[in-house]
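*Asks:* Structure incoming, see below.
Any read-out appearing in this document is the output of simple, stated calculations on the displayed coordinates, not a laboratory observation. Fair warning: this is a prediction, and the values are worked out from it, not measured in the lab. All Cβ positions, even for glycine, are placed from backbone atoms using ideal geometry, and neighbour counts span all protein chains on display.
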Amino acid sequence: MNINQAAMAAKHYALEGYRPIPIPKGSKGPVIKKWPEFRVDPERVHADFPFGSNIGILLGDGLVCVDLDCAEALELAPGFLPQTGCVIGRPGRPNCHWFYWVGPIEMGNKSWRAKIQGENGKPQAQTLIDLLSDGKQVVVGPSVHPSGDIYDPLAGTPESVEAGYLLESIDALAHAVLAKMEADGVPLVQEEPIRQIYPKRLEPGSDFGERPGDEYNRNHPGELLSRHGWALIGTRGDKEHWRRPGKAEGISATLSPINGVWVFYNFSSSVVNLEAGKGYDPLGLLAALEHGGDVGEAARALRLEGFGASCSFLVADPMPGLNTNRNTKNAERGLVEIPRPTSNDLEPFPEECLRAPGFLELVCDYNLRTASRKQPELALGAALALLSVVTGNRVKSFVNHTTYTNLYVLGLAPTGAGKDHGRKINQAILDAAGHGELQGATRLGSHAGIISALEQQPTLLLPVDEIGDLLQRIKGSGSKAPYLATIPDLLKILKHAVGRNYKDAVLSGGVKEIVSPHLVLYGTTTPDGFWEGLTFGQARDGLLSRCLVFESRGYVKVTQAIDQEPPEGLVRLVQFWRREFGGGGNLRDIKATHISAEIEQDAYQRFLEHESQIGDKQVSEGETDPMRAALWSRTAENTNQLALLAACSRVMGEPGEIPVISLSDMNWAIRLSNWQTRRLVIRMDTQVAESDWDGIVKKCQNKLFDGITLREFRRRTKAIKPQDLDNAVKYLTAIGFIDRLEDKIPNGGGTKSKVFRLGGKP
């Protein structure tokens, strides 16, 4: 049975004293009318929060959130912001939301911004930090970001801080961010003026009802402290001095009223349940002393004691059934949308995925040491292809379905940027291990050629050079060259032919039979050659979603390369995999033997969560864009293969050693496969043409930027016919991509030129 996690989470957050807001699936903002006034109705919670919907938490009434909007702020925040027990985010922006209680004051909403010199020479505003308060909301788990990231759940205890101190801390952080940006060479123009926020008292009362913690925090916690052995030893003004249990003399903590709330500040390191150097409001103190630090449990206990206004929730939640309401009414009104990305939305390669322990790390290190142009992303792609063929017909896993290690990997880099190095390194390693036959020719000429190569060597790595040229030829082949036209379908079939006999009726006549063909593809080409050679049909039919695409960083600085032989440890691992486990061959009466990798329980559970999320993603994307759904269709499969390869990478070559998929292997695979799919979605939207006309429009969009001269634009698009170019410009102007074409006179005078001014992109 599928559980309505959104409804369950909404109930949980309400019990914790928060105000959850329903948000459409895949979105970041509420669409219901008067959403700041929304109150959860326990009898309508499943209707208000349908299966798969997102959840926002309404801010205000003392709850605020510091939103860190740039990398520098994320890095420097721990040194400037007050510590809090509630910091959440998502994989793409971890620890970006810091929650605090500021008491019964209205903070207002505030942005700290800077102006940065844009590529067009004009200043552009960049937000550094936002302070979110009254009338704002923050999306929390189990919600799913439009990128596919899962938000962290709202957990832990927001720290109680004085409003002025919090503002001062954010201001100091903002100035530190600017200093770091300047030191890093960011072209700062000027900082936006910072408007002072003056806190003001709120009127008491709320139609939502008072939280248990709010009522409890109006009390003096002396009785609680005494119950746990603390002793009041004196006062100084309105500040009380307390001594911890078991101590005969001295002061262990202070208790002071701040903004109407008693704050207990402990500076003893000898107290089991309390942290030294941390302040606690009465609720936080109760949670630490009697509920293991869980403020939610403390709040629930207080509600049972009669604290706080009743919200009519049952503590026990019945098992909800499947809710198929996917916000149809909002969809019909055009309120549920999938944002259309642009090339500017391309997410950089996740650095944490560049290294995987063991075999992959050894290959990547050897690749980069011997390269004059170091391309870490391409090095990882080539290493994965090598491990895929080394483990070919040797290992499998079962995580909901059987998985083998036959990856299709594509490496994209400009001409002369180092895309060929991975293929050469792989061959050198295989040759040194005595298994050079595992890597085939660099040309993929025909359907029959692939079958012939597999007939000779069923476990085979095809390092196809300039695969973009092949795609271009396939694109225009049709009936004129059927030996080319059938290649995409053959590659799809072979992807799933491992572990069984494959029979192929080649075009020249006759039937070829191959036992367990294990084909690994490592194709290299230029980015333009690949994306322009790709068709919507190939993506829709599933070839693209079966590939992992690694793009280089472009042209990088030439560095000193080291000429050395492959490391002995790496060579031994290749020999281990090809020696330790038998099977393979092309004898009709012999079946390839695959050992079964094991999987740890927490890794298995993590995959099930991932698979469910991907399924939801397919459904949501498919409602508006079937192409995107097709791209997401193989993400879980790619995750399985990557997790299995990560486990194989950690095998050290001990006799009888079996790969075990760990939680870290699965998390690494999920991060990489999700990133791959998100990037493919953006590339398809921005560079792959659905028709000739669509291709012309997208080429124009990719060549245009604000302030480009008409002359330069025509130079960049000289391959497009003048009439087509003129029509594309008219179309882009009609949809608002181009705002106008205006005269520009250079500073100091001179010949004027025509320049494009861009509007908002569709």
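*Asks:* Within the P(r) computed for the stretch 90-173, what percentage of the Cα pairs occupies the region above 20 Å? It would help to have the intermediate numbers written out before the result.
*Replies:* Numbers: 1730 of 3486 pairs.
That tail contains 50 percent of the Cα-Cα pairs.
*Asks:* Okay, moving on. Students often check this: by mean Cβ neighbours within 10 Å, which of 546-556, 514-524, 736-746 ranks highest, and how do the rest follow?
*Replies:* 514-524, 546-556, 736-746
*Asks:* Right, something else. Arrange the following residues from fewest to most other Cβ atoms within 10 Å of their Cβ: Val390, Val395. Spell out each step's value before the answer.
*Replies:* On the way: Val390 27, Val395 22.
Starting with the residue having the fewest Cβ neighbours, the order is Val395, Val390.
*Asks:* What is the projected area of the convex hull of the Cα atoms of the stretch 343-390, averaged over all directions, in nm²?
*Replies:* 4.2
*Asks:* To continue, here is another question. Which aspartates and glutamates have a Cα lying under 13 Å from the Cα of Lys718, excluding residues fewer than 8 positions away in the same chain?
*Replies:* Filter leaves Asp726.
*Asks:* Moving on to the next point. Between Asp694 and Thr127, take the C-beta separation as r, use R0 = 35 Å, and let me know the FRET efficiency to the nearest 0.05.
*Replies:* On the way: r = 34 Å, r/R0 = 0.96.
My answer for the efficiency is 0.55.
*Asks:* How large is the charge dipole for the stretch 1-111, taken about the Cα centre, if only the Cβ atoms of Lys, Arg (+1) and Asp, Glu (-1) carry charge, to the nearest 20 debye?
*Replies:* Values: 11 positive and 11 negative charges, 72 e Å.
Here the stretch 1-111 has a charge dipole of around 340 debye.
*Asks:* What is the dipole size for the stretch 692-758, taken about its Cα centre, with +1 at each Lys and Arg Cβ and -1 at each Asp and Glu Cβ, in debye to the nearest 20?
*Replies:* 280
*Asks:* Can you tell me, using C-alpha contacts under 8 Å and at least 6 residues apart, the relative contact order of the stretch 692-758 as a whole percent? List each step's numbers first, then the result.
*Replies:* Details: 73 pairs, mean separation 25.5, N = 67.
That works out to 38 percent.
*Asks:* If packing is taken as the average count of other Cβ atoms within 10 Å, what order do 164-175, 275-286 fall into, highest mean first?
*Replies:* 275-286, 164-175
*Asks:* Still on this structure: If amide H atoms are built 1.01 Å from N in the plane of the peptide, which residues on other chains or at least 5 residues away come under 5 Å of the amide H of Tyr522?
*Replies:* Val409, Leu462, Val464
*Asks:* Give the Rg (one decimal place) followed by the Dmax (whole number) of the stretch 675-717, computed from C-alpha coordinates and expressed in Å.
*Replies:* 12.5, 37
*Asks:* Normalised by the empirical 2.2 N^0.38 Å for globular proteins, what value does the Cα Rg of the stretch 602-739 take?
*Replies:* 1.54
*Asks:* At 1.567 mPa s and 4 °C, plugging the Kirkwood radius over alpha-carbon pairs of the stretch 646-714 into Stokes-Einstein gives what diffusion coefficient in µm²/s? Each step should come with its number before you reach the end.
*Replies:* On the way: Rh = 16.2 Å.
So the translational diffusion coefficient is about 80 µm²/s.
*Asks:* While we're on this one: Dividing the alpha-carbon radius of gyration of the stretch 212-304 by 2.2 N^0.38 Å (N being the number of residues), what value is obtained?
*Replies:* That ratio works out to 1.03.
*Asks:* Greater than 18 Å separation of Cα atoms is the criterion. Which listed pairs, Lys419/Lys492; Lys617/Lys699; Lys374/Lys424; Lys374/Lys419, meet it?
*Replies:* Those over the limit are Lys419/Lys492; Lys617/Lys699.
*Asks:* Only loop residues by DSSP count here, and only those with at most 16 other Cβ atoms within 10 Å; note down the GluC sites (Glu not before Pro) in the stretch 1-102 that meet that. Before the final figure, lay out the partial values.
*Replies:* Numbers: sites: Glu16, Glu37, Glu43, Glu72, Glu75; in loops: Glu16, Glu43.
Answer by residue number: Glu43.
*Asks:* What is the extension gain from Ala155 to Arg572, computed as 0.36 nm multiplied by their sequence separation minus the C-alpha to C-alpha distance, in nm to one decimal?
*Replies:* 145.4 nm
*Asks:* In Å and on Cα atoms, what radius of gyration and Dmax does the stretch 57-107 show?
*Replies:* 11.4, 33
*Asks:* Under a cut-off of 29 Å between alpha-carbon atoms, report the lysines in cross-link reach of Lys247, not counting same-chain residues fewer than 8 places apart.
*Replies:* Counting by Cα, and skipping residues close in sequence, Lys247 has these lysines nearby: Lys239, Lys278.
*Asks:* Give me the mean projected area, in nm² to one decimal, of the convex hull enclosing the Cα positions of the stretch 11-78.
*Replies:* 6.1
*Asks:* What FRET efficiency would be calculated for the residue pair Glu598, Gln456, taking the C-beta separation as r and a Förster radius of 35 Å, to the nearest 0.05?
*Replies:* Values: r = 34 Å, r/R0 = 0.96.
Between Glu598 and Gln456 the formula returns 0.55.
*Asks:* According to the Cα gyration tensor, what semi-axes, each the square root of 5 times an eigenvalue, does the equivalent ellipsoid of the stretch 692-758 have, listed from largest to smallest in whole Å?
*Replies:* 23, 13, 9
*Asks:* Mind putting together the pair-distance distribution for the stretch 1-120? All Cα pairs, 5 Å bins, whole percent per bin, short to long.
*Replies:* So the P(r) values, bin by bin, are 2, 9, 16, 19, 18, 15, 10, 6, 3, 1, 0, 0.
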